[in-house]
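**Q** Shown below is the structure under consideration.
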Amino acid sequence: MAVKFEDWQDVKVAFEVARLGTLTAAAEALNVHHSTVLRRINNLEKNLNTRLFHRHARGYKATETGAKLFSTAQVIDSSLEQLHNDIAAADSTLRGSLLLTTVSGFMDVLGDVCEQFQALHPQVQLEMILEQKRLRLEHGQAHIAVRAGPRPDEGDYIAQHLAQLNSGLYANQRYINKYGMPKSLSDLQQHNFISGVAGFNARVPYFEWVDQHIAAPQIKLRVSETSEATRAVIKGLGIGGLQHNVAAQYANLVPILSNELIWCTDIWLVTHHLVHRTAKVQAFSQLLKTYFQTNKAS
């Protein structure tokens with residue numbers, strides 16, 4: 001009797017469980033709820049009338065039958081992924097959508113480049129995905145990523161260094177008028193600060209510094225986006241970290257201990273090798289590189 005797959009997505013979900021070993025890890029990778037993963041595994045085993053996993057305290061391990069199924073599924077998944085990227089790579093026209101991903105704090109930096117691109121290529125619709133979680137370029141979740149931090153090391157990605165952006169502490173002049181200007185590191189203990197929420201600070205060096213050196217009661221506001229921290233500093237809610245080139249856009253912002261506190265962050269242009277040469281990706285990438293070469297943002 002021929003095996004009938006009611007839903008290929010069930011196989012894809014079960015394959016992720018086999019690859020990662022737990023329901024939780026598969027759910028996070030697929031961006032779905034834990035219960036959805038369990039339901040799809042149960043559906044697949046019911047439809048095939050066979051057991052695909054050994055369940056144990058440490059997670060899920062494929063049975064012999066499951067291993068055969070997932071080996072075939074991996075080949076199919078890779079073929080579909082290759083087909084997707086081949087189709088995208090064949091796109092040599094400057095029209096349609098171009099998906100960009102970065103963190104929200106970079107919009108102040110990328111705004112000028114987006115404006116130039118739109119003026120030059122009006123037939124292309126830019127879609128900006130502002131997301132702390134790194135999207136998977138190989139799955140078509142984005143065409144171009146602008147990332148901060150260490151050089152991305154994914155094997156199929158092409159990472160090009162754009163710039164090193166420097167950051168420091170800033171406050172609104174109105175805040176300084178009210179609370180005074182800190183003249184030393186010890187003076188900071190008398191001031192209010194803005195930092196990031198738990199789990200976010202390690203990605204932002206000045207948030208991490210604040211959490212390590214400033215007493216918790218002095219941190220009056222925590223945010224989950226650097227752009228919101230910038231707005232809070234502009235509003236005069238406290239002292240917070242900003243990139244120097246972003247702070248320079250606001251005349252009422254005052255640097256705090258600029259000689260003592262400087263954080264440097266490397267910025268990378270990241271593309272997947274199969275779409276790297278497409279017209280849209282190349283057009284935007286060249287504008288982005290020219291922008292940073294011209295401005296040499298500090």
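The values are calculated or read from the model by the stated rules, or taken from the named source; none is laboratory data. Since we're looking at a predicted model, the values are computed, not measured. Positions of Cβ are backbone-derived with ideal geometry, glycine not excepted, and every protein chain shown enters the neighbour counts. Accessible surface areas use protein heavy atoms only, side chains included; no ligands, DNA or RNA. Shrake-Rupley method; radii C 1.70, N 1.55, O 1.52, S 1.80 Å.
**Q** Within 13 Å, Cβ to Cβ, of Asp108, how many net charges do the neighbouring residues add up to if Lys/Arg are +1 and Asp/Glu are -1?
**A** Spelling it out: positives minus negatives among the neighbours equals -3.
**Q** On to the next question. Placing +1 on the Cβ of each Lys and Arg and -1 on the Cβ of each Asp and Glu in the chain, which of Leu130, Val204, Val37 has its Cα farthest towards the positive end of the resulting dipole?
**A** Selected residue: Val37.
**Q** Continuing with this model, one more query. GNM on the chain, C-alpha springs below 10 Å: top fluctuator among Arg95, Arg174, Arg55?
**A** For the chain, modelled as a Gaussian network with Cα springs under 10 Å, the answer is Arg55.
**Q** Sticking with this structure for a sec: Grab the beta carbon distance between Thr72 and Gln123, set R0 = 45 Å, and tell me the FRET efficiency rounded to 0.05.
**A** It comes out at approximately 0.65.
**Q** For segment 193-269, report the convex hull volume of the alpha-carbon atoms normalised per residue, in Å³, without decimals.
**A** 104
**Q** Scaled to the compact-protein estimate 2.2 N^0.38 Å, what is the alpha-carbon radius of gyration of segment 10-86, rounded to two decimal places?
**A** Normalised Rg, Cα atoms only: 1.08.
**Q** For the chain, just list the percent of Cα-Cα distances falling in each 5 Å bin from zero outward, please.
**A** It works out to 1, 5, 10, 12, 12, 11, 11, 10, 9, 7, 5, 3, 2, 1, 0, 0, 0, in whole percents.
**Q** Can you sort Tyr175, Tyr60, Tyr250 by 1.4 Å-probe accessible area, starting with the largest?
**A** Result of the area sort, largest leading: Tyr250, Tyr60, Tyr175.
**Q** If each of Asp266 and Ala283 carries a label point 7 Å out from its Cα toward its Cβ, how far apart are those two points in nm?
**A** 3.1
**Q** Moving on to the next point. Quote the accessible area belonging to Phe193 in square angstrom, nearest 10, computed with a 1.4 Å probe and with ligands, DNA and RNA left uncounted.
**A** Only protein atoms counted, so the area is about 0 Å².
**Q** So, with a 1.4 angstrom probe, what is the percent of accessible area on the chain that is carbon and sulfur?
**A** Here it works out to 51 percent.
**Q** Projected onto the charge dipole of the chain (+1 at Lys/Arg Cβ, -1 at Asp/Glu Cβ, origin at the Cα centre), which of Ile76, Phe15, Thr50 gives the Cα projection farthest towards the positive end?
**A** Thr50
**Q** How many Lys pairs in the chain lie less than 25 angstrom apart by Cα atoms, where the lysines are 8 or more positions apart or on different chains?
**A** For the chain, the number of qualifying lysine pairs is 19.
**Q** At 1.4 Å probe size, with every protein chain present, just tell me what the per residue accessible area of the chain comes to in Å².
**A** Computed with neighbouring chains in place, this is 53 Å² per residue.
**Q** Report, in cubic angstrom per residue, the convex hull volume of the C-alpha atoms of segment 225-286.
**A** Numbers: hull volume 8.1 nm³, N = 62.
Roughly 131 Å³ of hull volume per residue.
**Q** Further, regarding this structure: R0 = 51 Å: FRET efficiency of Ala215 with Thr65, Cβ-based, nearest 0.05?
**A** It comes to 0.30.
**Q** From the protein chains alone at 1.4 Å, what is the descending order of accessible area for Ser167, Ser184, Ser224, largest first?
**A** If we order Ser167, Ser184, Ser224 from most to least accessible, we get Ser224, Ser184, Ser167.
**Q** Also, I was wondering about something else. Counting DSSP beta bridges with both partners in the chain, what percentage is antiparallel, nearest 5?
**A** Here the share of antiparallel DSSP bridges comes out near 65 percent.
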